[in-house]
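I have placed the structure first, in the form of structure tokens, so that the comments after it can refer back to it.
Nothing in this text is a laboratory measurement; each read-out follows from the coordinates by a stated rule. Keep in mind the model is a prediction, meaning the values are calculated, not measured. We place every Cβ from the backbone using ideal geometry, glycine too, and count neighbours over all the protein chains shown.
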Amino acid sequence: MADFRDLRIAIIGAGMGGLGTALAFAKKGFKNINVYETASNLGFVGAGIQMPPNVVRVLDRLGCWEEIEKEATDVKETSIRQGSTDEELAHVFMPDMREKYGFPHCTGHRSSLAGGLYNGCLKEPAIKFNFGTSLVRVLSWAPKPRILLKSRAQDEPFEVEADILLASDGIKSLTRTQMLSELGLTYEEADTGQAAYRIMLHRDQMKDDPEMLALLDCDMAVRWIGERRHIIAYPVSGHKIYNLSTAHPDTNFAGATNATYTTRGEKKAMFEVFGTFCPLVQRMLDLVPEGEVCEWKLRIHKTLPTWVHGSAALLGDACHATLPHLSQGAAMAIEDGAVLAECVSRIPADKLDDAETVTKTLKVFEMLRKPYTTTLVDLASHSGRVLHLGEGKAKEERDRLFRDNGKSGVVPDKWASPDVQKMIYSHDCVKEVIEKFDEVFASIA
């Protein structure tokens with residue numbers, strides 16, 4: 001007799017969310033999982049990434065954390081500094097993450113996280129990767145989703161039928177655009193007004209500067225803040241690379257089309273953006289080779305009216321893209337996959353072909369995840385506004401709270417604030433499904 005393991009799962013996109021989703025479904029015993037990815041291979045490019053306890057909990061369950069942790073930095077403290085002077089506004093110690101939440105707070109290279117997830121997928125015979133294959137359009141959403149795909153290996157597009165379609169195709173999601181259009185719904189981009197430089201400095205570039213070397217060799221994240229801009233930095237790749245990510249006013253993308261997300265930058269322009277920052281920051285920026293400055297537009301969209309249509313669901317950046325100020329973007333996408341696998345595994349054997357049951361099951365995923373992810377997206381935006389305050393009473397109050405150093409349980413930088421950490425890091429997304437699935441499913445008309 002067929003059961004949930006026989007459902008055909010089609011996943012669009014092999015980013016963090018797509019990889020995590022594929023592995024989560026395989027670990028639940030699903031036998032037929034196809035991942036369709038436009039790129040010819042994963043490439044493993046990118047900069048640093050944070051892996052907080054809530055996502056490490058999921059990675060550990062998926063069996064891939066041990067490999068990823070080998071190159072990770074266990075962050076045990078954070079220093080928040082005035083960008084212009086390097087004066088420390090607050091120093092928050094986090095030595096007890098494992099004791100509090102069962103898992104560490106780590107930083108690493110994106111390639112380590114993606115590589116660990118991918119290697120985990122390769123061990124699962126149920127997962128098949130289809131690289132160089134792009135979604136053209138969704139032909140039907142229910143009862144069995146049908147999608148039109150285009151492969152670089154063949155001239156003509158081809159159709160694929162699945163039982164469940166999961167779209168992890170990012171903030172530029174074609175699936176989302178078509179889904180909402182066909183439902184007669186609209187969504188809006190929320191202009192952040194922010195862009196980012198992502199910089200990776202290698203040990204051999206920093207070895208002759210004692211201040212830089214001290215940053216590379218410690219287990220600390222540092223945030224330099226100023227009016228309308230900041231830099232966060234931390235070691236990755238076994239302390240061989242120092243990662244810097246910025247947030248600053250968007251000037252290059254303001255008049256660009258919605259499809260423009262990156263641009264080649266100029267070193268001179270980067271120095272102008274952070275011209276008021278301290279000599280230490282200036283020396284690090286000076287190490288960036290001319291011609292290797294790249295700038296990203298930081299884009300998000302307003303809360304979507306739905307994540308589900310028929311037997312299809314959106315996940316990750318396709319439905320809840322976020323600013324990076326809380327370091328939860330990849331974590332939320334990977335959690336989405338774990339929640340989806342847990343939800344879909346609860347479809348009864350006699351309801352596998354019942355379109356209404358499948359849709360309601362996917363709606364449980366949305367109802368469990370949307371309030372949580374919306375809170376985190378809003379918190380990230382709020383944290384950015386607070387970090388970027390200019391002179392005035394609001395900044396004075398912020399700096400007073402910084403000087404309190406979290407003794408009240410609150411730090412203006414929400415990423416480092418004990419109350420926010422407790423809310424996020426103690427959240428067990430799979431446990432929530434186990435506890436609430438039946439109740440939420442029954443509540444859906």
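Quick look at the numbers
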quantity: Members of 297/407; 28/128; 28/360 lying beyond 24 Å, as alpha-carbon distances in this model show; calculated: 297/407
quantity: Order by protection proxy (mean Cβ within 10 Å, highest first), peptides 214-221, 9-16; calculated: 9-16, 214-221
quantity: DSSP-loop GluC sites (Glu not before Pro) across segment 203-292, with at most 10 other Cβ within 10 angstrom; calculated: 290
quantity: Length gained when the stretch residue 177-residue 161 is fully extended (0.36 nm per residue, less Cα-Cα span); calculated: 3.7 nm
quantity: Potential lengthening between residue 128 and residue 352 on full extension [0.36 nm per residue; Cα-Cα distance subtracted]; calculated: 78.4 nm
quantity: Likely footprinting exposure, 109, 248, 91, 301, fewest C-beta neighbours within 10 Å first; calculated: 91, 301, 248, 109
quantity: Simple label model, 7 Å out from Cα along Cβ direction - residue 150 to residue 294, nm; calculated: 2.3
quantity: Centroid-to-centroid separation of segment 149-210 and segment 93-123 [C-alpha atoms, Å]; calculated: 22
quantity: For residue 218, net neighbour charge (Lys/Arg +1, Asp/Glu -1) across residues whose Cβ lies under 12 Å away; calculated: -4
quantity: Environment charge of residue 194, counting only residues whose C-beta is closer than 10 Å and scoring Lys/Arg +1, Asp/Glu -1; calculated: +2
quantity: Distance-filtered residues of segment 354-371 - backbone nitrogen under 17 Å, label point 7 angstrom along residue 439 Cα→Cβ; calculated: 364-371
quantity: Neighbour cut-off at most 14 other Cβ (10 Å), DSSP loop, trypsin sites (Lys or Arg not before Pro), segment 187-223; calculated: 207
quantity: Label-to-label distance, nm, for residues given as residue 5 and residue 40 (7 Å Cα→Cβ offset); calculated: 3.8
quantity: Computed E for residue 403/residue 84 - FRET, C-beta separation, R0 22 angstrom, nearest 0.05; calculated: 0.80
quantity: Additional length obtainable on full extension of the chain from residue 188 to residue 426, 0.36 nm per residue less Cα span; calculated: 82.5 nm
quantity: Proximal lysines relative to residue 207, as straight alpha-carbon distance under 16 Å, when same-chain residues fewer than 8 apart are discounted; calculated: 240
quantity: On Cα atoms only, tilt of 16-27 relative to the major axis of the chain in degrees; calculated: 50
quantity: For segment 1-75: rounded, prolate or oblate by the Cα gyration tensor [a/c cutoff 1.5]; calculated: oblate
quantity: Unsatisfied cross-links (Cα-Cα over 30 Å) in the set 31/431; 302/431; 351/436; 31/422; calculated: 31/422
